[in-house]
Amino acid sequence: MRILMTLLVFVAAPSLVMAQEEPQVPDPEEYMRAYTEATTPGPEHAFLAGLAGTWTYENKMYMPGSPQPILSSGKTVMEMVMGGRYLYAVHEGSMNNERFEGRSFTAYDRTAGAYFATWADNVGLGIMVFQGQRNAEGALDLTASYTDPVMGELQTHRMVQYLAASGELMMEYFISSEGMETYKAMEVKYTRDE
């Protein structure tokens with residue numbers, strides 16, 4: 001019986017493969033038109049371009065259980081790069097009397113329908129990747145997963161960035177994990193240089 005079943009599989013398998021339809025390849029012109037549309041900067045990129053410039057920042061970092069924030073400051077230069085597709089930012093300042101530097105890219109992927117941002121700095125070893133949308137108030141609301149190097153637990157990091165009525169760029173940063181109440185870890189105020 002087993003031999004008969006094996007023979008049937010070998011006899012039937014080629015006909016089953018042949019019965020499958022070939023994948024439909026789009027017309028090359030239609031493909032290029034759709035690809036160009038999907039990769040051309042749109043209004044979301046214009047929003048990012050509005051953040052370009054040189055900013056002075058003041059940072060308040062809150063540690064769990066500490067009533068007083070750690071204060072730091074510095075400069076951030078943001079510019080649109082690669083044909084207006086990405087907002088690239090260089091952050092330089094001091095933290096705990098030590099030099100601090102960070103780099104970020106922010107993008108809107110039209111195919112995914114989402115904003116993405118990367119973050120790397122000289123006080124860590126990884127690259128954080130955030131994803132999200134602009135919320136109903138127009139703020140950029142992005143989240144990332146991060147494994148805390150001290151506790152070894154997976155955390156959710158949430159960054160909310162918005163332009164205040166005064167023209168200042170504000171960023172609020174929240175951290176949460178299983179069994180821990182969400183807390184505000186950071187608040188950064190950016191003032192555009194004249």
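What to note about this one:
- Each Cα pair under 8 Å and six or more residues apart adds its separation to the average, and for segment 80-194 the resulting relative contact order is 12 percent.
- Length available on full extension from T56 to Y35: 0.36 nm per residue minus the Cα-Cα distance, which gives 3.7 nm.
- Residue with peak Gaussian network fluctuation, the chain [Cα springs, cutoff 10 Å], from L125, L87, L51: L125
- In a fully extended conformation the segment linking K75 and Y183 would gain 36.3 nm over its present Cα-Cα distance, using 0.36 nm per residue.
- Annotation: per residue accessible area for the chain equals 67 Å², rounded to a whole number [probe 1.4 Å, protein chains only].
- All Cα-Cα separations within segment 121-194 were binned at 5 Å from zero, giving a P(r) of 3, 14, 20, 25, 18, 11, 6, 2, 0, 0, each value a whole percent of the pairs.
- Unit Cα scatterers, Debye sum, segment 113-152: log10 I(q)/I(0) for q = 0.17, 0.18, 0.28 Å⁻¹: -0.55, -0.60, -0.95
- Rounded to the nearest 0.05, the FRET efficiency derived from the C-beta distance between N135 and Q68 at R0 = 41 Å is 0.85.
- Crossing angle, helix 2-19 versus the chain [Cα axis fit, 0-90 degrees, rounded to tens]: 70 degrees
- Nonpolar atom fraction for segment 55-136, defined as the carbon and sulfur part of the 1.4 Å probe accessible area, stands at 55 percent.
- Among the GluC sites (Glu not before Pro) in segment 21-80, those located in a DSSP loop and surrounded by at most 13 other Cβ atoms within 10 Å of their own Cβ are E21.
- Listed by chain and number, the aspartates and glutamates placed with their C-alpha closer than 17 angstrom to that of K75 are E58, E92, E98, E101, D121, E168, E187, D193, E194; residues fewer than eight positions away on the same chain are left out.
- For the chain, the Kirkwood estimate of the hydrodynamic radius, built from every pair of different alpha carbons, is 20.1 Å.
- Helix 28-38 vs. the chain, principal-axis angle (Cα, 0 to 90°, nearest 10): 20 degrees
- The chain, relative contact order [Cα under 8 Å, separation at least 6], %: 15 percent
The values are calculated or read from the model by the stated rules, or taken from the named source; none is laboratory data. Predicted model, so just to flag it, every value in this text is computed and none were measured. Cβ: placed from backbone, ideal geometry, glycine included. Neighbour counts: every protein chain shown. Quick note on the areas: whole protein, heavy atoms, side chains included, nothing else; ligands and nucleic acids left out. Shrake-Rupley method; radii C 1.70, N 1.55, O 1.52, S 1.80 Å.
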